[in-house]
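Report on the structure given below.
Please treat every number below as a calculation from the coordinates, not as lab data. Being a predicted model, the structure only gives us computed values, none of them experimental. Positions of Cβ are generated from backbone atoms using ideal geometry, with glycine treated the same way; all protein chains shown enter the neighbour counts.
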Amino acid sequence: MTDLHTSDTLDALSFAIFRVHGALIAMGDRIGAPYGLTSARWQVMGTVQLAGQPQTVAQIARAMGLSRQAVQRVMNDLEVIGMIEMQDNPAHKRARLVVNSPAGLRAYEQIMAEWARLSRSLMEALPAEKLEDSSATLDALTRALLALGPPPD
């Protein structure tokens, strides 16, 4: 009985994560739309920005827990619309470095300002202690899943 209950609880959590992920993606798409950015695009740009230095596609993919190929597709789209720039990498001839372009930085900063406004509104409805507990639980679940095997490359 305990195993079934535990499985039901994990199932419920998993489906709740899927729902919140969908809601976050939809919100990200909405606030990124005026800048020609989807959630996936500004998440990648954010990963580059938060790293504080140019990153290779492989580094970005690892940081996001995604495949290199998935990130490369997003990078190609971002480069076409002028949101990122590719730079030569002195450490590796083929693995170029990604930086946010000036236009990309402006768009990212405006999106993040909108996200900050939205997050302040959400924080009014959600106790910080519950969010901290949830974050710790999700981090533990992520570690447990990764221990079962690495994400696809």
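Going residue by residue through segment 128-151, is there one that turns out to be under 19 Å from M64 (Cα atoms) and in contact with a Phe, Trp or Tyr (Cβ under 9 Å, 6 or more places away or on another chain)?
Scanning segment 128-151 turns up no residue that is under 19 Å from M64 (Cα atoms) and in contact with a Phe, Trp or Tyr (Cβ under 9 Å, 6 or more places away or on another chain).
Could we say that G28 is touching a Phe, Trp or Tyr at 6+ places or on another chain (Cβ under 8 Å) and closer than 23 Å to L141 by Cβ here? Walk me through how you get there before you give the answer.
On the way: touching a Phe, Trp or Tyr at 6+ places or on another chain (Cβ under 8 Å): yes; closer than 23 Å to L141 by Cβ: yes.
Taking the combined requirement at face value, the residue satisfies it.
Restricting to segment 6-33, give me the number of residues that are over 16 Å from the mean Cα position of the chain (by Cα) and touching a residue at least 24 places away in the same chain (Cβ under 8 Å).
1
How about segment 38-54: which of its residues are under 15 Å from the mean Cα position of the chain (by Cα) and touching a residue at least 12 places away in the same chain (Cβ under 8 Å)?
Of the residues in segment 38-54, the ones under 15 Å from the mean Cα position of the chain (by Cα) are 38-51.
Within segment 38-54, S39, A40, R41, W42, Q43, V44, M45, G46, T47, V48, Q49, A51 qualify.
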